[in-house]
1. When you go through Thr194, Thr150 one by one, which is the residue that is surrounded by 15 or more Cβ atoms within 10 Å (Cβ to Cβ) and outside the structural domain of Gln101 (by the TED database)?
2. Could you list all residues from the range 228-267 that are β-branched (Val, Ile, Thr) and either under 30 Å from Lys98 (Cβ atoms) or not assigned by the TED database to the domain that holds Tyr204 (or both)?
3. Just give me the residues in the range 153-173 being closer than 21 Å to Ala77 by Cβ and surrounded by fewer than 20 Cβ atoms within 10 Å (Cβ to Cβ), in sequence order.
4. Cβ-Cβ below 8 Å, separation at least six or inter-chain, first residue in the range 171-199 and within 16 Å of Phe214 (Cβ to Cβ) and of a type outside the set (Lys, Arg), second at pLDDT below 95 and loosely packed, with under 13 Cβ neighbours inside 10 Å: which pairs?
5. Answer yes if at least one residue in the range 246-257 is in contact with a strand residue (DSSP E or B) (Cβ under 6 Å, 6 or more places away or on another chain) and of a type in the set (Lys, Arg), and no otherwise.
6. Could you tell me which residue of the range 245-267 is nearest to Glu185 (Cα to Cα), considering only residues that are aliphatic (A, V, I, L, M) and crowded, with 17+ Cβ neighbours inside 10 Å?
7. Could you tell me whether Val270 is among the β-branched types (Val, Ile, Thr), surrounded by 13 or more Cβ atoms within 10 Å (Cβ to Cβ) and either in the same structural domain as Glu164 (by the TED database) or under 25 Å from the mean Cα position of the chain (by Cα) (or both)?
8. The conditions are (1) within 32 Å of the chain's Cα centre (by Cα); (2) of a type in the set (Ser, Thr, Tyr); (3) surrounded by fewer than 19 Cβ atoms within 10 Å (Cβ to Cβ), and Ser187 fails exactly one of them. Which is it?
Amino acid sequence: MGKKKESTSRDLEQLADALGKNQFDRRLGKSRLTYRQLIVATSLVLVALIAYFSVTLYRNRDLSEEALERYAARYVATEASDFDFKWTEKSVNKLVAKDSQKGTLLADIYRKYGKATKAELIKEEAKSDGFKLIYETNHFDLQIPYQSVTLSFKKRNGKFRLFEKEASLELTTYKSDWGHVFDIEKSDLSDLKTGYIGIDPEKYPTAASLYKKFGKPNKIVYESYGGAEDMHWYYYHPEADEWNLDDYVIFYFQKHPGDKDFHLSVVTTVFDGEEMHR
């Protein structure tokens, strides 16, 4: 009887040892699996990081002058059927031109406005692969009026972004009339306050108010550069052999960031041969 109990006891101990060993092996197996999964996951992250930095380094590489010329040429139309001038002063003003990550992407501009008519490298921005795209209405034919938009790009973290913009455009907000009859008197201008330079705009006449008072100018020249805009309105005798050989009035307006309209900066007049600036 005693031997039977001892045998049973040993069997139970052996069973306990076997169960313990099995449990240990299972835990060890799970630990090995978790460890292998951790190694795989870490390896995948390292591969992704290496790929990311490799692509970034490739994008940020300095292009040779020849390579940059070839790259810029991708965005230039070679025939009239590839070009469509879609620019207005409003579309130009929506673009963000900043020497930072906030500048509008070249890819976005190209997607919306298509190919330019000319590309030029910016030598002083060679380290950043700087170049300009120029859109001109009369590049392929003699369109009237002549309009142009010049956009300057350079590379930021591997992507080309806009950092400067210029434009000379036909306005959509104010229209000119070449045949407008000159009927401005010197006395009509005496009360106009001039001198606007971006401070206290409410103190200066707006373009809208002068448009209403004097009608459409014979000619408008609009320009945009950086964050500011300006325009010249020309009122003259259209029947004269040359517009500046008779009486004329030129309004020069400025519009700064935050302004809702243009404000009067300078008035140039010629009445009876006497020229005045104020």
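1. Only one candidate qualifies: Thr194.
2. Correct list: Val266 only.
3. Passing the criteria: Glu166, Ser168, Glu170.
4. From residues that are within 16 Å of Phe214 (Cβ to Cβ) and of a type outside the set (Lys, Arg), the pairs are Thr194/Arg278.
5. Scanning the range 246-257, I find at least one residue that is in contact with a strand residue (DSSP E or B) (Cβ under 6 Å, 6 or more places away or on another chain) and of a type in the set (Lys, Arg), so the answer is yes.
6. Val249
7. no
8. Looking at each condition in turn, Ser187 falls short on (1).
The values are calculated or read from the model by the stated rules, or taken from the named source; none is laboratory data. Computed from a prediction, not measured in an experiment: that's the story for all the values here. We place every Cβ from the backbone using ideal geometry, glycine too, and count neighbours over all the protein chains shown.
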